[in-house]
Amino acid sequence: MAVTKTLITILFISSKLSNEMEEKLNPQFSGNRELAEPNVQIITSGGLRISAHSHILVSASPVLESMIERPQKHRSSQRNIPIPGVPCDAVSAFLQFLYSSKCSEEQMEKYGIHLLALSHVYLVPQLKQRCATGLSGKLTMDNVLDVLQLARLCDAPDLYLKCMKFLFCNFKAVEQTEGWKFLQNHDPWLELEILQFIDEAEKRKKRTRRKKEEQNLYLQLSEAMDCLEHICTEGCTSVGPYDMDPSKNKGPCSKFSTCHGLQLLIKHFAACKKRVNGGCLRCKRMWQLLRLHSSICDQPDECRVPLCRQFKLKIQQNRQGDDSRWRLLVKKVVSAKTISSLSLPKRKREEEYRITRMRIYLE
Ligand SMILES: [Zn+2]
Ligand SMILES: [Zn+2]
Ligand SMILES: [Zn+2]
């Protein structure tokens, strides 16, 4: 019953489409009603015969073209083309696509795998693309291995990658399926391929995470540089320039967690008896921050950060200490600074400071 219904649908579609398509595909035949008659029989593995128009098949698939144009032993008006190996309804859906370039969601759901195979065998790239997209949206624990194998056989790289990513994200669950056990027993090469992909994806993920952490560190350093300038220029809460009245110190600023840490470090640096050469780690860190500031600072003459000019002078006198690792650090902090200033325009940052200050005055 279903088969008859499909046959009728196909015939209906072909007679409806043949006129317009004929004009498009074979302009020399337009208007010639006799050529609109079906002249090819598609024979499916279920024994179903579907009538079709050779010129439509020829224009849609180079493989069908060579089959149709191959010389026949017995001259007869109709050609038989077998399309075996897939369900009859999948062949119907395939033919419907050749006529209309369309394929319903329901057909994709039911015959997506078969249509992908047909589109590959008969070289119909638009259908192949449609199937790759359709199937990649319908991956499940139970079908992913079948789809992967087919994507590999049919040379559909996008779909192959989607399947691999799906496996990477759901491997614990897929490992429990019958499909995985079957694959382990029958296709160890594919098993190896999958495990290798998962391993590399894992490594890639780790690399990205490490890079992110590194970038975060440079961002923190760049933020510390902003705070250092801001403390030394305008003052913040309890720390400010020596010649500024402490009661006029601004703050707390928008980056107070960083700023406060830096203020504690500055206070320590000013009072510590051990100092850098005495081996104090906190002083050493402050020293490095001041040196880093100097390497970044582009206005040493007006700069109010302690030791800024002295460090610059030292670098000019002898390039000792200005080693390549240090230069790389400076470069990375500068680029982190650029990135953070791009994500939050300077004007807005200043606005934030001003708002904080105003609030304090109003209170
Ligand atoms: Zn501050
Ligand atoms: Zn110290
Ligand atoms: Zn400076």
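Brief remarks follow.
- Residue match in the stretch 150-165 (condition: in contact with a Lys or Arg (Cβ under 9 Å, 6 or more places away or on another chain), among the aromatic types (Phe, Trp, Tyr) and at negative phi): yes
- Matching residues, the stretch 217-234, being of a type outside the set (A, V, I, L, M, F, W, C) and more than 16 Å from ligand 3 (Cβ to nearest atom): 218, 220, 223
- Condition met for residue 153 (at pLDDT 95 or above and touching a helix residue (DSSP H, G or I) at 6+ places or on another chain (Cβ under 8 Å)): no
- Count of the stretch 260-283 residues which are within 10 Å of ligand 2 (Cβ to nearest atom), surrounded by fewer than 14 Cβ atoms within 10 Å (Cβ to Cβ) and among the charged types (D, E, K, R): 3
- Hits in the stretch 305-318 - residues which are away from ligand 2 (no atom under 16 Å from the Cβ) and under 20 Å from residue 334 (Cβ atoms): 305, 308, 309, 311, 312, 314, 315, 316
- Candidates 110, 102 - the one that is part of a loop (DSSP other than H, G, I, E, B) and surrounded by fewer than 20 Cβ atoms within 10 Å (Cβ to Cβ): 102
- Among (1) outside any loop (DSSP other than H, G, I, E, B); (2) within 16 Å of ligand 3 (Cβ to nearest atom); (3) surrounded by 18 or more Cβ atoms within 10 Å (Cβ to Cβ) - the single one residue 305 does not satisfy: (1)
- Residues in the stretch 232-248 that are near ligand 1 (Cβ under 9 Å from one of its atoms) and buried (at least 17 other Cβ atoms within 10 Å of the Cβ) were compared, and the one that is farthest from the chain's Cα centre (by Cα) is 239.
- Test: residue in the stretch 250-258 that is out of contact with any Leu (no Cβ under 8 Å at 6 or more places or on another chain), more than 11 Å from ligand 2 (Cβ to nearest atom) and under 27 Å from residue 324 (Cα atoms): no
- Hits in the stretch 287-296 (condition: in contact (Cβ under 8 Å) with a residue 60 or more places away in the chain and either more than 16 Å from ligand 1 (Cβ to nearest atom) or part of a loop (DSSP other than H, G, I, E, B) (or both)): 290, 292, 296
- Which numbered condition residue 85 misses (of (1) part of a loop (DSSP other than H, G, I, E, B); (2) closer than 30 Å to residue 145 by Cβ; (3) without any contact (Cβ under 8 Å) to a residue 12 or more places away in the chain): (3)
The values are calculated or read from the model by the stated rules, or taken from the named source; none is laboratory data. All values derive from a computational prediction rather than experimental measurement. Ideal geometry is used to build each Cβ from the backbone, glycine not excepted, and the neighbour counts take in all protein chains shown.
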